[in-house]
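Below is one structure, written out as structure tokens; the observations come after it.
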Amino acid sequence: MGGGLCLVLWLCCLCRGALTPPSQDWFPKAPALPPAEGDVVRVATVEELIRAVEQATPGQTILVAEGHYLMPRYIEIRADRLTLRGASGRRERVVLDGARSMHGELLGVRSCSDVTIADLTIENIRFNGFKINSDSNVQRLTIRNCIIHNIWQRGVKGVKVPEENRQTIRPKGCRVQYCLFYNDRPKQLSDDPADIAQGNYIAGIDVMYAKDWVISDNVFVGIQGRTFEGRGAIFLWFDAQDCLIERNIIIDCDIGIQLGNAHRADGVERHCVRCAARNNFITRAPEAGIVTTYTKDCRVLHNTIHDPRTPKGRLLRTVFDNDGLIVANNLLSGPATSNESGSQIQFAGNLLWDVSSVFADPAHGDLHLAKPSPEIVDKAAAISEAPDADIDGHKRDARPDIGADELAASR
């Protein structure tokens, strides 16, 4: 996998509907949801699942029994306050498989609010796994504790929002939390013959016009294009506002976190406004660990990025306009960053140096501090916007450490 984490060690096999996905003891774990109450519909076959989703009424809960569901076509949620979840809470045992689907998208959400999708797996689809039809007024969607596996364009896709009534219908207050995004291998042309980027049109989460989103506590492994020039594991653009990206683990993805893009259209001046990326671990992202492009008043704080043999020297990359950007207290373990922006950016308390020896297990993406380093411990700059807890939710002390992990708090 491009000199990185070898997924051969993490073989994915389908056995009686259950996956064995990448797993490490230190990965974020979702607290269990409470038992379903109220109007509950239980399904155990593909036909029952399709019928339940398409006939759902507001406030229902659809509980999906453990099993391997070969989906014949795309299905779409349109009921407010609907919950669709695996009945057992074991996400790897409820698998919605698009390998035989007649469509290139798997599970959509349209014209509804307060929907929750949890405790299940989607896999094997050419285009989009979770399709957010955000041009139809989708609000406060939660995707929680799901596995997104072998999706060859976007695991979670939020589409453009038309200018008319945009401020009202743009997707607001959505959450993607405790999910695992992983692919078994880099994308191939055969996965998506119409790929507009020669096999590199791939990302984990790609959302436009998002507002007040939280993307946290997720794991991304192996989201890679054919020539390792894909998009971000997390990619926000087209006037995303006030979004928080924190406590995510990103391993062997072409770009870790992407705030903006060089392409601007539809009158968009800024891709990301007042968005923050903080307390994330990023290991081996050859295109860029974190990249900011056409942003305003964004924050990149207390992240740990490790790629000592990065081919392009872009542990952190700033491009074009980034007015008001603060980049502070990031632990950048590798040779170089790239500032290609003409804006006045505030850089403070960042450490650029190969510190492989201080990490718990950098080969597998565990960038927790295994031992103290005088260059890291207690050396963070005083920044008012800095998070008061670290990647594990442990309280930072009065003299915080550089990077996502606070050594004293977690030991």
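Nothing in this text is a laboratory measurement; each read-out follows from the coordinates by a stated rule. Remember, predicted model here, so these are calculated numbers, not experimental data. Don't worry about glycine lacking a Cβ; one is built from the backbone with ideal geometry, like all the others, and counts go over all protein chains shown.
One residue stands out among those in region 220-235 that are under 26 Å from Pro31 (Cβ atoms) and not small (Gly, Ala, Ser): the one that is surrounded by the fewest Cβ atoms within 10 Å (Cβ to Cβ), which is Val221.
Number of residues in region 252-305 that are under 30 Å from Asp361 (Cβ atoms), β-branched (Val, Ile, Thr) and either in contact with a Phe, Trp or Tyr (Cβ under 7 Å, 6 or more places away or on another chain) or outside any strand (DSSP E or B) (or both) equals 1.
The residues in region 97-125 that are more than 15 Å from Arg144 (Cβ to Cβ), in contact with a helix residue (DSSP H, G or I) (Cβ under 8 Å, 6 or more places away or on another chain) and in a strand (DSSP E or B) can be counted, and the count is 1. Per the listing Gly104, Gly108, Gly129, Gly86, the residue uniquely closer than 19 Å to Gly158 by Cβ and buried (at least 23 other Cβ atoms within 10 Å of the Cβ) is Gly129. In region 250-280, of all residues being closer than 16 Å to Val300 by Cα and β-branched (Val, Ile, Thr), the one that is surrounded by the fewest Cβ atoms within 10 Å (Cβ to Cβ) corresponds to Val273.
Yes or no: Leu49 hydrophobic (A, V, I, L, M, F, W, C) and within 24 Å of the chain's Cα centre (by Cα)? Taking the combined requirement at face value, the residue does not satisfy it.
Only one entry of Asp321, Asp354, Asp397 meets the criterion of being within 26 Å of His271 (Cα to Cα), more than 22 Å from the chain's Cα centre (by Cα) and not hydroxyl-bearing (Ser, Thr, Tyr), and that entry is Asp321. You will find that of Ala382, Ala363, Ala336, Ala408, the residue that is more than 21 Å from the chain's Cα centre (by Cα) and not in a loop (DSSP other than H, G, I, E, B) is Ala408 and no other.
Return the residues of region 183-203 that are part of a loop (DSSP other than H, G, I, E, B) and aliphatic (A, V, I, L, M); say none if nothing qualifies.
Ala194, Ile196, Ala197, Ile202
Put simply, of Ile345, Ile245 the only residue that is in contact with a Leu (Cβ under 8 Å, 6 or more places away or on another chain), surrounded by fewer than 22 Cβ atoms within 10 Å (Cβ to Cβ) and of a type in the set (Val, Ile, Thr) is Ile345.
In this structure, Lys131 does not satisfy being under 27 Å from Ile255 (Cα atoms) and part of a loop (DSSP other than H, G, I, E, B). Scanning region 115-142 for residues that are under 18 Å from Tyr209 (Cα atoms) and either in contact (Cβ under 8 Å) with a residue 40 or more places away in the chain or of a type outside the set (Phe, Trp, Tyr) (or both) yields a count of 13. Considering region 173-194, the residues that are without any contact (Cβ under 8 Å) to a residue 40 or more places away in the chain and of a type outside the set (A, V, I, L, M, F, W, C) include one that is nearest to Gln24 (Cα to Cα), namely Gln188.
Kindly check whether there is at least one residue in region 196-218 that is over 18 Å from the mean Cα position of the chain (by Cα) and small (Gly, Ala, Ser). The answer is yes, given that some residue of region 196-218 is over 18 Å from the mean Cα position of the chain (by Cα) and small (Gly, Ala, Ser). Anything in region 306-321 that is surrounded by 24 or more Cβ atoms within 10 Å (Cβ to Cβ) and part of a strand (DSSP E or B)? List them, or say none. His306, Leu316, Thr318 - these are the residues of region 306-321 that are surrounded by 24 or more Cβ atoms within 10 Å (Cβ to Cβ) and part of a strand (DSSP E or B).
With respect to Ala386, is the statement that it is touching a residue at least 24 places away in the same chain (Cβ under 8 Å), surrounded by fewer than 18 Cβ atoms within 10 Å (Cβ to Cβ) and either more than 17 Å from Ile305 (Cβ to Cβ) or not hydroxyl-bearing (Ser, Thr, Tyr) (or both) true?
No: the conditions fail for Ala386.
Quick check, is Asp206 touching a Leu at 6+ places or on another chain (Cβ under 9 Å), touching a residue at least 12 places away in the same chain (Cβ under 8 Å), of a type in the set (D, E, K, R) and assigned to a loop (DSSP other than H, G, I, E, B)? Against the criterion (touching a Leu at 6+ places or on another chain (Cβ under 9 Å), touching a residue at least 12 places away in the same chain (Cβ under 8 Å), of a type in the set (D, E, K, R) and assigned to a loop (DSSP other than H, G, I, E, B)), Asp206 does not qualify.
Every residue, every condition in (1) among the hydrophobic types (A, V, I, L, M, F, W, C); (2) without any contact (Cβ under 8 Å) to a residue 60 or more places away in the chain, yes or no:
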position: Thr337; (1), (2): no, yes
position: Ala348; (1), (2): yes, yes
position: His364; (1), (2): no, no
position: His394; (1), (2): no, yes
position: Ala404; (1), (2): yes, no
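When every residue of region 153-175 is checked against the conditions, at least one turns out to be among the basic types (Lys, Arg), over 14 Å from Phe235 (Cα atoms) and assigned to a loop (DSSP other than H, G, I, E, B).
The one condition from (1) part of a loop (DSSP other than H, G, I, E, B); (2) closer than 26 Å to Trp152 by Cβ that Tyr69 does not meet is (1). Is there a residue being more than 15 Å from Ile257 (Cβ to Cβ), touching a Pro at 6+ places or on another chain (Cβ under 8 Å) and crowded, with 24+ Cβ neighbours inside 10 Å anywhere in region 206-219? Yes, that holds for at least one residue. Of the residues making up region 339-359, those that are assigned to a loop (DSSP other than H, G, I, E, B) and either of a type in the set (Gly, Ala, Ser) or more than 14 Å from Leu301 (Cα to Cα) (or both) are Ser341, Gly342, Ser343, Gln344, Gly349, Trp353, Asp354, Val355.
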